[in-house]
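Peer 1: Dropping a structure here in structure tokens format, bear with me for questions.
The values are calculated or read from the model by the stated rules, or taken from the named source; none is laboratory data. Every value quoted in this text rests on a predicted model; they were computed, and no experiment measured them. Here the Cβ is made from the backbone with ideal geometry for all residues, glycine too, and neighbour counts use every protein chain on show. With ligands, DNA and RNA removed, areas are computed over all heavy atoms of the protein, side chains included. Shrake-Rupley method; radii C 1.70, N 1.55, O 1.52, S 1.80 Å.
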Amino acid sequence: QAASLSLPRARRLLARLQREGLIRQDRSGAGPVQLTDAGLHQAQQMVRAHRLWETYLGDHAGLDAQQVHEEAERLEHAPGLAERLDAVLGRPTRDPHGEQIPPPSSA
């Protein structure tokens, strides 16, 4: 599912991510966008939160696969809940789709 962003909004988002040190791009802005180490770390933690939420929603809330994914998309952004959720779930290593759940942040 593709996000629908206007070109000006996409440019503002990329500029913000670059200011925050999460991506890098050449000065011309024409080259490819790359994640920095910090950006990769943050992306992995977002995937972790998403997969933990999918596990919880699938195992404990009785939602079907489509609902699990849609709700996890919203909940993955809740700050600080992933580690508490991980503990409640017994530190799972795979989500309901069989995908590996990334390890917790060491930073």
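Peer 1: When you check P104 against the structure, is it open to solvent by 50 Å² or more (accessible area, probe 1.4 Å), under 30 Å from R19 (Cβ atoms) and in contact (Cβ under 8 Å) with a residue 24 or more places away in the chain, yes or no? If you could, list the steps in order and put the result at the bottom.
Peer 2: Working: open to solvent by 50 Å² or more (accessible area, probe 1.4 Å): yes; under 30 Å from R19 (Cβ atoms): yes; in contact (Cβ under 8 Å) with a residue 24 or more places away in the chain: yes.
Yes; evaluated as a whole, the condition is true for this residue.
Residue-wise test of (1) among the small types (G, A, S); (2) closer than 24 Å to S105 by Cα; (3) within 18 Å of the chain's Cα centre (by Cα).
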residue: P8; (1), (2), (3): no, no, no
residue: R16; (1), (2), (3): no, yes, yes
residue: R24; (1), (2), (3): no, yes, no
residue: A43; (1), (2), (3): yes, yes, yes
residue: V47; (1), (2), (3): no, yes, yes
residue: Y56; (1), (2), (3): no, yes, yes
residue: Q66; (1), (2), (3): no, no, yes
residue: E71; (1), (2), (3): no, yes, yes
residue: E76; (1), (2), (3): no, yes, yes
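Peer 1: Restricting to the stretch 21-48, count the residues that are hydrophobic (A, V, I, L, M, F, W, C), surrounded by 13 or more Cβ atoms within 10 Å (Cβ to Cβ) and more than 20 Å from H77 (Cα to Cα).
Peer 2: 1
Peer 1: Quick check on the stretch 1-20: of everything there that is closer than 21 Å to E76 by Cα and of a type outside the set (A, V, I, L, M), which residue is most open to solvent (accessible area, probe 1.4 Å)?
Peer 2: Among residues in the stretch 1-20 that are closer than 21 Å to E76 by Cα and of a type outside the set (A, V, I, L, M), the one most open to solvent (accessible area, probe 1.4 Å) is Q1.
Peer 1: Another one. How many residues are more than 15 Å from Q45 (Cα to Cα) and either modelled with pLDDT under 90 or in a helix (DSSP H, G or I) (or both) when one looks only at the stretch 86-107?
Peer 2: So the count comes out to 4.
Peer 1: Next question, about the same structure. Among all residue pairs at least 6 apart or on different chains, which show Cβ distances below 7 Å where the first residue, located in the stretch 43-65, is within 30 Å of L22 (Cα to Cα) and the second is among the small types (G, A, S) and crowded, with 17+ Cβ neighbours inside 10 Å?
Peer 2: Correct list of pairs: R48/A82; A49/A82; H50/A72; L52/A82; W53/A72; E54/A72; L57/A72.
Peer 1: Something else now. Does R51 fit the bill of being at pLDDT 90 or above, open to solvent by 50 Å² or more (accessible area, probe 1.4 Å), assigned to a loop (DSSP other than H, G, I, E, B) and out of contact with any Pro (no Cβ under 6 Å at 6 or more places or on another chain)? Spell out how you get there, then give the answer.
Peer 2: Working: at pLDDT 90 or above: yes; open to solvent by 50 Å² or more (accessible area, probe 1.4 Å): yes; assigned to a loop (DSSP other than H, G, I, E, B): no; out of contact with any Pro (no Cβ under 6 Å at 6 or more places or on another chain): yes.
No; evaluated as a whole, the condition is false for this residue.
Peer 1: Taking the stretch 19-47 as the search range and keeping residues that are assigned to a helix (DSSP H, G or I) and among the hydrophobic types (A, V, I, L, M, F, W, C), which one is nearest to P102 (Cα to Cα)?
Peer 2: V47
Peer 1: Are any of the residues in the stretch 63-85 at positive phi, modelled with pLDDT of 90 or more and open to solvent by less than 80 Å² (accessible area, probe 1.4 Å)?
Peer 2: No, because not a single residue in the stretch 63-85 is at positive phi, modelled with pLDDT of 90 or more and open to solvent by less than 80 Å² (accessible area, probe 1.4 Å).
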